[in-house]
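The values are calculated or read from the model by the stated rules, or taken from the named source; none is laboratory data. Given the structure is predicted, the values throughout are model-derived calculations rather than measurements. Backbone-built Cβ (ideal geometry, glycine too); neighbour counts: all protein chains shown.
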Amino acid sequence: MTQENNVLITGANGEVGHGLIAHLSRDAQLTIVATDIQPLDPALHAIPLTFVQGDILDPTLLKQLFEGRAYKTIFHLASILSTKGERSPELAFRVNVDGTFALLMRAVQQAREAQRMTKFLYPSSIAAYGLPDADTKREAGRVEEDAWCFPATMYGCNKLACESLGTYFARHYRRLDEPRSSYGLDFRSVRFPGLISAQTVPTGGTSDYGPEMLHHAAQGLSYDCFVREDACLPFMVMPDAIRALLLLEAAPRERLARLVYNVSSFSLSAGEIHRLTLKAFPSAVVRFIPDVNRQGIVDSWPCDVDDTAARRDWGWHPEYDRRRAFDDYLIPAIRERYRASAG
Ligand code: AKB
């Protein structure tokens with residue numbers, strides 16, 4: 001059972017899954033095993049990978065994924081996002097926490113059997129924070145990893161719990177065993193801001209108004225934005241999100257002072273996203289019709305996060321600031337995407 005070149009990606013059909021699979025497939029040495037509850041998205045069919053369809057909560061799926069295979073790295077992306085999680089909290093808990101726990105258990109078992117460390121990359125979220133109201137959010141400014149960890153959504157609670165579980169598996173799992181195994185999980189996590197991709201549109205999140213506004217405008221569709229114009233969040237474009245995961249994966253363990261890191265690139269209000277959208281698509285029609293409950297979720301997330309630790313420990317820096325994100329990536333790629341699908 002070799003694990004040298006195997007990577008496992010859960011939630012393959014999601015936005016990060018698409019970007020990560022496309023990126024990793026450029027490395028001919030890697031064997032990619034991908035899983036999702038839905039059939040593999042046709043957009044990924046041309047990529048050489050082993051796809052196993054199934055539910056992360058189904059022990060048969062985990063058995064299939066690990067039978068005769070070990071992984072050097074597991075990217076556990078499968079998750080129910082914040083808005084869907086508020087609508088189905090029990091399902092969110094089961095998928096986000098029970099699913100992650102089951103995978104952590106499998107991963108630690110394979111590490112011990114293979115007598116190698118297994119890297120476990122876990123995308124967490126700004127949803128792990130919970131500021132009580134918009135005024136406190138304004139005063140808090142750039143929030144550090146250990147401040148304001150009082151999540152106000154089921155999804156945020158799940159993310160914070162799984163950060164802790166991953167940390168537990170990496171540092172303390174079976175701490176009473178004599179002797180203790182030297183092999184186990186090398187858990188690493190980034191707290192992502194709202195992500196914006198030119199290739200895919202998110203589903204079930206709360207930061208979705210950013211990408212939705214742009215994708216609607218590019219298709220000539222009007223958009224009702226569910227937050228106020230002054231609602232501010234940190235955002236990041238997908239190529240930087242993929243870079244963040246891969247930089248963190250590649251970092252030498254001894255350089256990592258933490259297991260969970262903030263990463264940031266730019267912050268924008270919904271009104272600013274609207275202005276940037278109008279600049280590119282002057283006939284875009286956007287109406288601001290705030291939903292008080294979804295606005296409340298955005299008010300509980302910081303407008304900016306402090307990513308000093310990621311910059312210091314593993315050389316994180318975004319390649320796309322707000323200008324480059326829109327002018328060099330989002331606008332041209334989204335235009336192209338809908339031109340191609342119209343033609
Ligand atoms: C969501 O809105 O739920 C996600 C997130 C910020 O993690 N995009």
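The set of residues from segment 299-312 being crowded, with 17+ Cβ neighbours inside 10 Å and not β-branched (Val, Ile, Thr) comprises Asp299, Ser300, Trp301, Pro302, Cys303, Asp304, Asp307, Ala309, Ala310.
One residue alone among Glu86, Glu15 is charged (D, E, K, R), in contact with a Pro (Cβ under 8 Å, 6 or more places away or on another chain) and surrounded by 16 or more Cβ atoms within 10 Å (Cβ to Cβ), and that residue is Glu15.
Counting residues in segment 210-232 that are within 11 Å of the ligand (Cβ to nearest atom), surrounded by fewer than 21 Cβ atoms within 10 Å (Cβ to Cβ) and among the small types (Gly, Ala, Ser) gives zero. Taken over segment 116-153, the criterion of being hydrophobic (A, V, I, L, M, F, W, C) and within 16 Å of the chain's Cα centre (by Cα) is satisfied by Phe120, Leu121, Ile126, Ala127, Ala128. For the condition aromatic (Phe, Trp, Tyr), modelled with pLDDT of 95 or more, at negative phi and in a strand (DSSP E or B), what is the one hit in Phe150, Phe101, Phe120, Phe93? Residue meeting the stated conditions: Phe120.
Table: residues versus (1) assigned to a strand (DSSP E or B); (2) out of contact with any Pro (no Cβ under 6 Å at 6 or more places or on another chain); (3) among the β-branched types (Val, Ile, Thr); (4) on the phi < 0 side of the Ramachandran plot.
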| position | (1), (2), (3), (4) |
| --- | --- |
| Phe235 | yes, no, no, yes |
| Ala257 | no, yes, no, yes |
| Glu272 | no, yes, no, yes |
| Thr277 | no, yes, yes, yes |
| Ser283 | no, yes, no, yes |
| Arg287 | yes, yes, no, yes |
| Asn293 | no, yes, no, yes |
| Gly296 | no, yes, no, yes |
